[in-house]
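Note sheet for the following structure.
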Amino acid sequence: MKKINIAFDGPSAAGKSTIADLVAEKLGYTHLDTGAMYRAVAYEALQKGIALDDEENVVRMIEGMDLEMKADGSVVLNKEDISEKIRTNEISLAASDVSKLEKVRAALVAMQQKISRGGGYILDGRDIGTVVLKDAEVKIYLTASVESRALRRHKQNLEKGIESDLESIRRDIEKRDYQDTHREHSPLKKAEDAVEIDSSDLSIEEVVDAVMALVEKELN
Ligand code: C5P
C-alpha cells in the first residue's frame with residue numbers, strides 16, 4: 001500500500017501529539033513531534049547560557065547538536081534522553097521564543113523534510129501543512145477552545161503527579177497562541193487545503209476516527 005505523509009498542525013495543547021501517536025500506530029507510520037525539536041533547541045540554549053534571541057549563536061549551537069528523534073517518540077540529545085526534561089512550562093515558552101528565529105526554523109525544517117522524505121510519517125507542529133510538507137496528501141488543522149485545552153493539560157499534569165495551576169496554564173497557552181500566530185516567520189495558520197477539526201467537544205477516539213477517515217479516503 002502506498003505510504004503518504006500527514007501534516008498535523010494546530011495551537012498548543014490541542015491534543016496533536018496524543019492523536020498523532022494513535023493515528024501512527026493504526027497505520028504503522030512514524031510520528032515525528034516537531035515541537036519536541038524546538039524544545040530540544042531551547043533546552044540546549046538554556047543549558048549553554050545562549051540568549052534565546054541570539055540567532056547566530058543558536059544556529060551555530062544547532063550545528064553542533066547530536067539530536068536523535070527516536071521512532072518511539074523519545075528525544076535524545078548528545079546521547080542523553082531529555083524527553084521528560086523538555087516538557088516543563090519554562091521550556092514551552094523558551095521553545096516558542098527560539099521558534100521565532102528564521103535561521104533556526106530553516107535548520108529544523110530541513111531536518112524534518114529529510115526525515116520524512118520516504119513517506120509513512122505524521123508530522124505534528126505549527127507549519128507542517130504550510131511549509132514543511134506543503135505537498136502532504138492529508139493536512140489536518142486541529143483546534144480547540146483555550147478553556148478546553150487548559151483543562152486538558154491541567155488534568156494531564158495532575159494525573160502525572162505534576163503540580164498544576166489551571167489559571168497559569170491558561171495564561172501560558174494564550175501567550176504561546178499569541179506568539180505562534182503573530183511571529184514574522186511561518187506563523188501558525190491553517191493551510192488552505194487543510195481540513196479543520198475542532199476537538200473542544202470530541203473525545204480522543206472521535207478525533208482519531210475523523211483523521212483516519214480522511215487518511216483512508218486518500219489511500220483508497
Ligand atoms: O508542539 P509544542 O507545544 O511542543 O511546540 C513548542 C513550541 O515550538 C510551540 O509553541 C511553537 O512555538 C514551536 N513550534 C513551531 N513549529 C513547529 C512546532 C513547534 O514553531 N513545527
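Here is how the numbers come out for the structure above:
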| quantity | calculated |
| --- | --- |
| Test: residue in the stretch 187-199 that is under 20 Å from Thr18 (Cα atoms), in contact (Cβ under 8 Å) with a residue 60 or more places away in the chain and in a helix (DSSP H, G or I) | no |
| Pair list, Cβ under 9 Å, 6 or more apart: the stretch 112-131 residue in a loop (DSSP other than H, G, I, E, B), other residue within 13 Å of the ligand (Cβ to nearest atom) and of a type in the set (Asp, Glu) | Arg126/Asp9; Arg126/Asp180; Asp127/Asp9 |
| The stretch 90-141, subset within 13 Å of the chain's Cα centre (by Cα), hydrophobic (A, V, I, L, M, F, W, C) and within 11 Å of the ligand (Cβ to nearest atom), residue nearest to Arg170 (Cα to Cα) | Ala95 |
| Residue count, the stretch 171-186 (criterion: within 10 Å of the ligand (Cβ to nearest atom), more than 18 Å from Ala13 (Cβ to Cβ) and surrounded by fewer than 17 Cβ atoms within 10 Å (Cβ to Cβ)) | 1 |
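Here is a yes/no grid of residues against (1) surrounded by fewer than 23 Cβ atoms within 10 Å (Cβ to Cβ); (2) not basic (Lys, Arg); (3) not in a helix (DSSP H, G or I):
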residue	(1), (2), (3)
Ala7	no, yes, yes
Leu32	no, yes, yes
Met37	no, yes, no
Ala42	no, yes, no
Ala51	yes, yes, yes
Ala94	yes, yes, no
Lys100	yes, no, yes
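No value in this document is a laboratory result; all are computed from the given coordinates. None of these values were measured; they are calculated from a predicted model. Heads up, the Cβs are rebuilt from the backbone with ideal geometry, glycines too, and the neighbour counts pull from every protein chain shown.
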